[in-house]
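**Student:** Take a look at this one; I'll ask things after.
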Amino acid sequence: MRHYPVFLDLTGQRVAVAGGGAAAVAKLRLILRSGATIAVYADAPAPEIAAWAAEGRLTLHRRRFAPGDGRGVRLVWAAAGDAAEDARAAAIARAEGALVNIVDDLGGSDFLTPAIVDRDPLTVAIGTEGAAPVLARALKAELEARLPAALGPLAAAAAAFRAAAEVLPRGAPRRAFWAEWFDAEGPRAFAAGGAAALAPALAGLLARHRAAAPRPGRVDLVGAGPGDPELLTLRARRLLDAADVVIHDRLVPQAILDLARREAVLVAVGKEGFGPAVPQAEINRLMVEHAGAGAQVVRLKAGDPGIYGRLDEETAALDAAGIPWAVVPGITAAAAAAAAAGRSLTRRGRNAALRFLTGHDAEGFAEHDWRALARPGEVAAIYMGKRAARFVQGRLLMHGAAPDTPVAVVANASRADQRILAATLATLPEAVAGLAGPAVLLYGLAPREAEATAAAPAAREARA
């Protein structure tokens, strides 16, 4: 994000527009709504500008922007439509302490003017960093059609009532009150009686919420998926948006944490195999403490909560404390890795079963039924297998697995830095050496492209 979005209070503040053509008129139509004190500098102003000056809505100077005109001015729009003249005006304004927008010149501007949907006091600003103004206008048109005109009066009534609503506890109770106002009670009151009906409706809604029993805290154990925010379920997104507290794993990326409310408390409880870890007892304590205080808690786990996520331990702790909970599944890393490699985890005639394995557990490297896994055609998704790669290789070879058994290694599945490597059991330790990020080892599967490459010589031999 190159341009930080802010809303400036320009009431009574001095701003200037250098230019008097169509570009200046377009900017002024918006600036005139701001309550700013406006000065326009133009040799030949458009008729609209002259008319606004005659009405006393702005001051018109029939000359070019000159040294001294930028002193004490907050914002200046260089809108002459001539590159040299706009650059000259911008240089003067900057030297005298003003922020400058040069119309249609992203690189030369200190700030950008967004596309705006006005439902006063509700304002929606849409910016594209100047890269796609046509897209901004399209979004503006869509929002104009979708946001009812009543939103303005509803928001104005809410602003006047905000101090009264502070009798409700902070957090979920207050959010629930305002959500019902904007989603249901407010539109219903406005449709029935217009703006005059809004204040009584707010008072009645507040009385009902004050009399309601407080909502108990709860914990939702949510799967964050493999890392791509677009792979989150809709329910997971809704819960993140409503959470007071988010207790999250180390592998949950920032792009997903950013979906939580800005006011939510984020608690990192990272664990790393053979490395630093927050004890499970401490994670359990945090969930119980926050939910016991009435918070809506999301326990956000990478992948799916039920696959190597210690889900049973956490739900047992919540049950023991009498805390209500629910599980929201997520896409597990094995599914994302197989999709990235272009392979099915099961296939008729190849494997009728799929094994989920961990490379290590609380005691160290994990033991499994290696003899069964070493049989031809077996497929397994091995989690946390990078550091255990040589151990897994040794166990499988010891029990008769073929050294050329394919292994697809997928690191950071579904993320922008995803990597897919083709290996065999014989080359597995070397393939994962130095690999950054979490990786899933798909034992018994080759990446689709690698399998196609290997099959081509065999097909040529058969034809010969």
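**Student:** With no solvent and one equal point scatterer per Cα, compute the Debye intensity ratio I(q)/I(0) for segment 139-256 at 0.10, 0.12, 0.19 Å⁻¹ and report its log10, rounded to two decimals.
**Tutor:** Relative scattering, expressed as log10 I(q)/I(0), comes to -0.45, -0.62, -1.04.
**Student:** With viscosity set to 0.890 mPa s at 25 °C, what whole-number translational diffusion coefficient in µm²/s follows for the chain from Stokes-Einstein and a Kirkwood radius over Cα pairs? Don't skip to the answer; put the middle values down first.
**Tutor:** Details: Rh = 27.6 Å.
Estimated via Stokes-Einstein, D reaches 89 µm²/s.
**Student:** Relative contact order, percent, of the chain when contacts are C-alpha pairs under 8 Å separated by at least 6 residues?
**Tutor:** Working: 790 pairs, mean separation 41.1, N = 464.
Over the chain, the number comes to 9 percent.
**Student:** Next up: Multiplying the sequence separation of residue 278 and residue 417 by 0.36 nm and subtracting their Cα-Cα distance, what value in nm do you get?
**Tutor:** Details: separation 139, 0.36 × 139 = 50.04 nm, distance 2.65 nm.
So the extension gain works out to 47.4 nm.
**Student:** Highest mean first, what order results for 434-446, 142-154 on Cβ atoms within 10 Å? Walk me through the numbers before you get to the answer.
**Tutor:** Numbers: 434-446: 21.2, 142-154: 14.5.
In decreasing order of mean packing, 434-446, 142-154 become 434-446, 142-154.
**Student:** Here is a further query. Using unit Cβ charges (K, R positive; D, E negative) and no other charged atoms, how large, in debye to the nearest 20, is the dipole of segment 136-232 about its Cα centre? Write out the running numbers ahead of the final one.
**Tutor:** Numbers: 12 positive and 9 negative charges, 77 e Å.
For this selection, approximately 360 debye.
**Student:** Over the chain, what is the percentage of antiparallel beta bridges among all DSSP beta bridges, to the nearest 5? Present the calculation step by step, with values, prior to reporting the outcome.
**Tutor:** Details: 24 of 62 bridges.
Once the DSSP bridges in the chain are tallied, antiparallel ones form about 40 percent.
**Student:** Next question, about the same structure. Considering only DSSP beta bridges where both residues belong to segment 334-454, give the percentage that are antiparallel (nearest 5). Could you put the intermediate results ahead of the total?
**Tutor:** Details: 17 of 21 bridges.
Antiparallel bridges: around 80 percent, rounded to the nearest 5.
**Student:** Regarding segment 14-113, what whole-number volume in Å³ per residue does the convex hull of its Cα atoms give?
**Tutor:** Numbers: hull volume 8.4 nm³, N = 100.
It comes to 84 Å³ per residue, whole-number rounded.
**Student:** Return the calculated 222 nm mean residue ellipticity for the chain, to the nearest 500 deg cm²/dmol, obtained by summing -39500 (n - 2.57) across DSSP H runs with n ≥ 4 and dividing by the residue count.
**Tutor:** Here the helix-only value at 222 nm equals -11000 deg cm²/dmol.
**Student:** Using amide H atoms built in the peptide plane, which far-off residues or other-chain residues are under 5 Å from residue 265 H to H?
**Tutor:** Under 5 Å from the amide H of residue 265: 245, 246.
**Student:** Quick one: which residues, 5+ away or cross-chain, put their amide H under 5 Å from the amide H of residue 328? H built at 1.01 Å from N.
**Tutor:** Amide H neighbours of residue 328: 221, 222, 223.
**Student:** Could you give each residue of segment 254-260 its phi-based ³J(HN,Hα) in whole Hz, using Karplus coefficients 6.51, -1.76, 1.60 with θ = phi - 60°, and x for Gly or Pro?
**Tutor:** Whole-Hz 3J(HN,Hα) from phi for segment 254-260: 4, 4, 7, 4, 5, 7, 6.
**Student:** Can you tell me the alpha carbon radius of gyration of segment 175-232 divided by the globular rule-of-thumb value 2.2 N^0.38 Å?
**Tutor:** Compactness ratio reported: 1.70.
None of the figures in this text is laboratory data; all of them are computed from the coordinates on show. Keep in mind the model is a prediction, meaning the values are calculated, not measured. Quick reminder, even Gly has a Cβ in these numbers, built from the backbone with ideal geometry, and neighbours come from all protein chains shown.
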